[in-house]
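For reference, the structure discussed in these notes is given below.
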Amino acid sequence: MQFHDCLGSRSNGRFVMQLALLVAPFAEATVGQAAHAFPPFERWISQKAGFQTDCAYCHVNPAGPSGHGVGQEGRLDERQKQHLHSADSPILNSFGQHLLKTLSYDKVVSSVSDPGSLAVQMKGYDLDGDGVSDGEEMEHGTLAYDPLSAPPALVWMERLKQNWSFVVTLAVSSLAGAAGLFFLAMERKDAAK
């Protein structure tokens, strides 16, 4: 009998499930604190942006923190596992680390039920310096750690909002200058008659 045949029978399948339920709490205790993926953030960003995002928005690995690949908890040594929930977490990219440095792990976790509140809290920050706040980038699905990811129209609008007084001053000055040139030309025309 092969191993998968053994698992296929009802009595053996029940035994395996009971064994798994019995061992799971001990496995968690020996592995240390587990990392948590937050699918509600991914769903919210995807919904707001209008296209599918993945875990690479905050994590090193696009598949998220669980697994044995690069940037996943199964590949971490004990020292790295101690930093899972800190701002220098080895499974988070620069934006994920920025979230924890800026807000704290507890605030990020408490935002799971309302991911939009996390974007609101991040509106005062601009990690990549492109002029678009991290919260706006979250709402548009652009990468808050990549200055080239924001659509140019969004960057332009954000910079316009930030510099509106300069734009108004420039517009008024330009109109005043154009009006002055117009009236000067009219005076010259009248003087030539």
Aspartates and glutamates near residue 81 by alpha-carbon distance under 18 Å, same-chain residues fewer than 8 away left out - which ones? 28, 73, 106
Between residue 189 and residue 156, the two model label points (7 Å from Cα along the beta-carbon direction) sit apart by a distance in nm of 3.4 nm
Could you pull out every residue, at least 5 positions away or on a different chain, whose amide H is within less than 5 Å of the one on residue 59? Hs are placed 1.01 Å off N in the peptide plane, and Pro or chain starts have none. 93
Using the Cα centre of the stretch 33-124 as origin and beta-carbon charges of +1 (Lys, Arg) and -1 (Asp, Glu), tell me which of 83, 67, 118 is placed farthest towards the positive end of the dipole. 118
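Taking 19 Å as the cut-off for C-alpha to C-alpha distance, list the pairs among 48/107; 101/123; 123/161 that go past it. Write down the numbers at each step before the final one.
On the way: 48/107 21 Å; 101/123 15 Å; 123/161 13 Å.
48/107, as the Cα separations exceed 19 Å there.
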Quick one: if you stick a label point 7 Å off each Cα along the C-beta vector at residue 148 and residue 117, how many nm between them? 3.7 nm
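Could you work out the local net charge near residue 55, counting Lys and Arg as +1, Asp and Glu as -1, over the other residues with Cβ closer than 14 Å to its Cβ?
Working: positive: 43; negative: 42, 54, 73.
Computed value for this residue: -2.
Coordinate-derived values only; no laboratory data. Note that this is a predicted model, so its numbers are computed, not measured. Neighbour counts run over all protein chains shown; Cβ positions are idealised from the backbone, glycine included.
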